[in-house]
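Input: a single structure, listed below in structure tokens.
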There are 2 protein chains.
Amino acid sequence: MPRQITAFSNPLVKSVRLLREKRHRREQKRFLAEGLRILTEAMDAGRIPETIFFAAESAAHPLVRRLVAAVEGRGGEAVETTRDILHKLSGKDNPQTVLGVYAEFALPLAALDRASAPIWLVAQSLRDPGNLGTILRTGDAVGAGGLILIDECVDPFSVEAVRASMGALFTQTIATAAWPDFIAWLRSGPGQLVGMSLDTDHDYQGPRYAAPTFLLVGNEAQGLPPAYAAECDLLVKMPMLGRADSLNAAVAMAVMAYEVLNQRRHA
Amino acid sequence: MPRQITAFSNPLVKSVRLLREKRHRREQKRFLAEGLRILTEAMDAGRIPETIFFAAESAAHPLVRRLVAAVEGRGGEAVETTRDILHKLSGKDNPQTVLGVYAEFALPLAALDRASAPIWLVAQSLRDPGNLGTILRTGDAVGAGGLILIDECVDPFSVEAVRASMGALFTQTIATAAWPDFIAWLRSGPGQLVGMSLDTDHDYQGPRYAAPTFLLVGNEAQGLPPAYAAECDLLVKMPMLGRADSLNAAVAMAVMAYEVLNQRRHA
């Protein structure tokens, strides 16, 4: 049976609200996701929240009932609450009708099975949560094994990144690593590391990519550090006919990932 | 000679600050862009601000001096000011050292020369300024003729869209139109209208695209309205292997635009 919370001062409300801050996500090892569509996609990918909040007026919605049953079936807690409290929890003027609290699930590199997928996405010092979420969606679409975050990236469990991923966060494996550890792990098995760089003349459609292909994009403003670029098996670049001479990092990753996918499906 | 402004109450500061709001941009027919890199790229594309604000400590920077000379050479005004006022104008905690006020330059469709480029990008009811700016960067990279905005899109001259475009706003032609006017204009000359849709089985790599190709992407949440999709010459879709079954709108546009560009350069 869902319990009802209508008081802002409720300790659970207070603790969940703190999850909008990175420090508290790290301490609690939990994060927030909102929206019926995203929570349902997460459930379909096997990710059930530990706690679910839903607006009283949406209690009868069939998807809300499925979510509540799944949460309670796993020993989690379902909380019926008010729009005002959902607004307070989500920080949005127009809050979604459901909000879930999930255990974080970033893995160490050693837990990845590189043979499980032909494409892996790797981002270094990515700063923008929208870009991170967008890259997760692309990873889902191209059948990537997951996203490996190198050095200090934006938090993939931030509210903004979760939103931008539109549920793909839950279908993708996420690992974090410092660069030397990533390179040591990468070289301990098969895999081709392909860096996207403006400092190369190699057209991205030139090479035939070998599986598993690790596609590496650098920081939005700086690109890849030269020392990192030097450790790639290949550096490639999309043709750029314009004056600005750069692409958004998530766009470059997607154009590259579709090239690799297209080579595979036409081979 | 630059004039100096150090008072928040200065009328010019007040009026420029209002440009962060859409209503005032429309009234004044002006918008803001910030940052030495973006203002320099704009200048190289022939776009000179009517007014430029720069921090006193960057007055000696060669690019700032070039910008100031260009503005004054066109009869515009250069204003040396404080970091605090730049912060107030830009709304950023860490303001750029230069900020320009530009005349808006969106065109009616009739002013476009469709034969001037083989690819045109078209977005309908796009809501996210980051997506709009990202699409402008992609348009610059693939040599698009410009971006046509259909129905109620986010303002391309909003501070967020200008930022996300990384200067590409100034290299791209922008036009706005309601859908019936766009279709009437499109059908008055050559051009293939290709819509991206989830409701089709046509793989985006199947067709050979005809120039000029007009690539159409719909609203982030709803996609294209069925009635609009029905007026396209082709509907196509990228393969999606995952569970989420959608791509970010700016990513879909980029993957599609590179397909068209690749067909042209390998033909």
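What number goes with the only condition from (1) in a helix (DSSP H, G or I); (2) touching an Asp or Glu at 6+ places or on another chain (Cβ under 9 Å); (3) modelled with pLDDT under 95; (4) of a type outside the set (Ser, Thr, Tyr) that B:Phe8 does not pass?
Every listed condition holds for B:Phe8 apart from (1).
Could you check B:Gly100 against (1) surrounded by 15 or more Cβ atoms within 10 Å (Cβ to Cβ); (2) part of a loop (DSSP other than H, G, I, E, B) and say which number it fails?
(2)
Could you list all residues from the range B:210-241 that are within 14 Å of chain A (Cβ to nearest Cβ), surrounded by 20 or more Cβ atoms within 10 Å (Cβ to Cβ) and in a loop (DSSP other than H, G, I, E, B)?
Within the range B:210-241, just B:Met238 meets the criteria.
I'm told A:Gly76 meets every condition in (1) within 28 Å of B:Met240 (Cβ to Cβ); (2) surrounded by fewer than 20 Cβ atoms within 10 Å (Cβ to Cβ) except one. Can you identify the failing condition by its number?
Of everything listed in (1) within 28 Å of B:Met240 (Cβ to Cβ); (2) surrounded by fewer than 20 Cβ atoms within 10 Å (Cβ to Cβ), A:Gly76 misses just condition (1).
Tally time: how many residues in the range A:147-164 are buried (at least 22 other Cβ atoms within 10 Å of the Cβ) and either under 21 Å from A:Ala229 (Cα atoms) or free of Cβ contacts under 8 Å to residues at least 24 places away in the same chain (or both)?
Final tally of qualifying residues: 4.
Looking at (1) in a loop (DSSP other than H, G, I, E, B); (2) under 16 Å from B:Leu19 (Cα atoms), which one does B:Asn94 not meet, given that it meets all the others?
(2)
Across the range B:26-57, what is the number of residues that are surrounded by 15 or more Cβ atoms within 10 Å (Cβ to Cβ) and either basic (Lys, Arg) or outside the structural domain of B:Ile85 (by TED's automatic domain parsing) (or both)? Let's see the steps before the verdict.
Start the filter on the range B:26-57 by keeping residues that are surrounded by 15 or more Cβ atoms within 10 Å (Cβ to Cβ), which leaves B:28, B:30-43, B:45, B:47-49, B:51-55.
Right, trim to either basic (Lys, Arg) or outside the structural domain of B:Ile85 (by TED's automatic domain parsing) (or both) and you get B:30, B:37, B:47.
Number of matching residues: 3.
The rows are residues; the columns are (1) more than 30 Å from A:Val98 (Cβ to Cβ); (2) at pLDDT 95 or above.
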| residue | (1), (2) |
| --- | --- |
| A:Leu132 | no, yes |
| A:Ile150 | yes, yes |
| A:Cys153 | no, yes |
| A:Glu160 | no, no |
| A:Pro180 | yes, yes |
| A:Ala184 | yes, yes |
| A:Met196 | yes, yes |
| A:Asp199 | yes, no |
| A:Pro207 | yes, yes |
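Within the range B:119-146, count every residue that is outside any helix (DSSP H, G or I), within 9 Å of chain A (Cβ to nearest Cβ) and under 25 Å from B:Trp185 (Cα atoms).
2
Give me a count of the residues in the range B:88-118 that are under 20 Å from B:Pro190 (Cα atoms) and among the charged types (D, E, K, R).
Selection size over the range B:88-118: 2.
Going through the range B:242-267 one residue at a time, which ones are at the interface with chain A (Cβ under 10 Å from one of its Cβ atoms), assigned to a loop (DSSP other than H, G, I, E, B) and farther than 20 Å from B:Ser125 by Cα?
Once the filter is applied, which keeps residues that are at the interface with chain A (Cβ under 10 Å from one of its Cβ atoms), assigned to a loop (DSSP other than H, G, I, E, B) and farther than 20 Å from B:Ser125 by Cα, the range B:242-267 yields B:Gly242, B:Arg243, B:Ala244, B:Asp245.
Among what's in the range A:172-206 and is surrounded by 13 or more Cβ atoms within 10 Å (Cβ to Cβ) and among the charged types (D, E, K, R), pick the residue that is nearest to the chain's Cα centre (by Cα).
A:Asp181
Conditions tested, residue by residue: (1) in the same structural domain as A:Val142 (by TED's automatic domain parsing); (2) of a type outside the set (Ser, Thr, Tyr); (3) at pLDDT 95 or above.
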| residue | (1), (2), (3) |
| --- | --- |
| A:Ser188 | yes, no, yes |
| A:Asp203 | yes, yes, yes |
| A:Phe214 | yes, yes, yes |
| A:Glu231 | yes, yes, yes |
| A:Leu235 | yes, yes, yes |
| A:Asp245 | yes, yes, no |
| A:Ala254 | yes, yes, yes |
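The values are calculated or read from the model by the stated rules, or taken from the named source; none is laboratory data. Bear in mind the structure is a predicted one, so any value in this text is a computation, not a measurement. Cβ atoms come from the backbone with ideal geometry, glycine included; neighbour counts cover every protein chain shown.
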